[in-house]
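The values are calculated or read from the model by the stated rules, or taken from the named source; none is laboratory data. Predicted model only: the values in this text are computed from it and were never measured. For neighbour counting, all protein chains shown are included, and Cβ atoms are generated from backbone atoms with ideal geometry for every residue, glycine included. Ligands, DNA and RNA are excluded from the accessible area calculation, which covers all protein heavy atoms including side chains. Shrake-Rupley method; radii C 1.70, N 1.55, O 1.52, S 1.80 Å.
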Amino acid sequence: MDFLNKELEEYIEHHSTKENDLLSELNRETWAKVLMPRMLSGHIQGRVLSLLSNLTKPSNIIEIGTYTGYSALCLAEGIQEDGVLVTIDKDKELFEKVNSFFKKSNLEKNIIQKLGIALDVIPTLDLKYDLVFIDADKKNYINYFDMVLPLVNVGGIIIVDNVLWSGKVTEPDKYQNDKIAVYMNEFNKYIHSQKNISNLILPIRDGLTLITKNEN
């Protein structure tokens with residue numbers, strides 16, 4: 001489901017900061033050669049991730065779900081000079097392709113690729129983080145949130161993708177056969193029930209939730 005018509009989307013893209021040449025190349029490469037290219041964050045969502053990173057100037061970032069690396073490169077644009085972005089994915093086939101694009105950027109020194117199951121990798125992380133992006137298997141979104149929240153500094157931001165799932169979350173009974181619609185509705189309700197956080201759902205692409213960690 002497109003929440004905006006094509007003309008308005010094109011207008012927004014035309015009047016927003018362009019993606020850089022490397023991101024443009026990665027965008028084309030993904031759509032031409034990789035399965036399920038709609039998983040790519042893309043121009044506008046990428047600029048949102050970049051803007052949030054530049055506003056927060058994170059010391060460290062976690063990304064759960066690397067895909068082809070577009071979102072990682074956007075998130076890394078605002079990272080502190082000695083900061084670390086840990087990006088986790090289980091896709092062995094994409095690992096080297098993603099790494100080649102990281103090497104083309106001036107952000108390679110800040111990015112650490114972790115190949116493996118996120119539920120296994122997250123407990124091994126020993127830093128505190130200012131920014132988190134969750135965009136992986138939807139079934140485990142609640143688990144990912146519960147695991148990363150203790151690692152996030154007060155005032156830090158957790159960004160979660162696909163929370164509106166083509167609008168199906170508004171009618172979960174109608175779409176019971178779509179397990180992801182059910183998972184996302186459960187996740188949204190869970191987040192809304194949590195204490196010591198603030199959250200906002202934005203209708204950007206397939207829905208982005210911004211979560212800030214408050215004082216205990």
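Worth a mention:
- Leu151, Leu115, reordered so the largest accessible area comes first (probe 1.4 Å): Leu115, Leu151
- Accessible area, probe 1.4 Å, largest first, for residues Glu7, Glu77, Glu186: Glu7, Glu186, Glu77
- Projecting the Cα positions of Gly156, Phe102, Asn196 onto the charge dipole of the chain (unit charges on Cβ atoms of Lys, Arg, Asp and Glu, taken about the Cα centre) puts Asn196 furthest along the positive direction.
- Sulfur and carbon atoms: percent of accessible area, the range 20-179 [1.4 Å]: 52
- Computed accessible area, Thr124, all protein chains, 1.4 angstrom probe, square angstrom: 90
- Our helix-only sum for the chain, with -39,500 (n - 2.57) per DSSP H run of n ≥ 4 divided by its residues, gives a mean residue ellipticity at 222 nm of -11500 deg cm²/dmol.
- Each principal axis of the range 41-113 carries a Cα extent, and these read 34, 27, 21 Å when sorted largest first.
- Cβ-placed point charges (K, R +1; D, E -1), dipole of the range 1-102 about Cα centre in debye, nearest 20: 160
- Across Lys33/Lys92; Lys33/Lys104; Lys18/Lys168, pairs whose alpha-carbon gap is larger than 25 Å: Lys18/Lys168
- Each residue of the range 101-110 was assigned a 3J(HN,Hα) from its phi angle through the Karplus expression (A = 6.51, B = -1.76, C = 1.60, θ = phi - 60°), giving 6, 4, 5, 6, 8, 8, 10, 4, 5, 8 Hz with x at Gly and Pro.
- Around the amide H of Leu131, modelled in the peptide plane, lie the amide H atoms of Asn60, Ile62, Ile157, all under 5 Å away and 5 or more residues distant in sequence or on another chain.
- Positive-end extreme of charge dipole, the chain - chosen from Thr124, Leu51, Leu8 (charges on Cβ): Thr124
- Accessible area (Å², 1.4 Å probe, nearest 10) - Asp173: 120
- Among the trypsin sites (Lys or Arg not before Pro) found in the range 131-183, those both in a DSSP coil and sparsely packed, with 10 or fewer other Cβ atoms within 10 Å of their Cβ, are Lys174.
- Computed over protein heavy atoms with a 1.4 Å probe, the accessible surface of the chain works out to 54 Å² per residue.
- Residues Ser59, Ser198, Ser193, Ser50, sorted by accessible area with the largest first, give Ser193, Ser198, Ser59, Ser50 [1.4 Å probe; ligands and nucleic acids excluded].
- Paired Rg and Dmax values of the range 113-155, which use every Cα atom, in angstrom: 10.3, 28
- Each principal axis of the Cα cloud of the chain was evaluated for its coordinate range; sorted largest first, these ranges are 46, 44, 33 Å.
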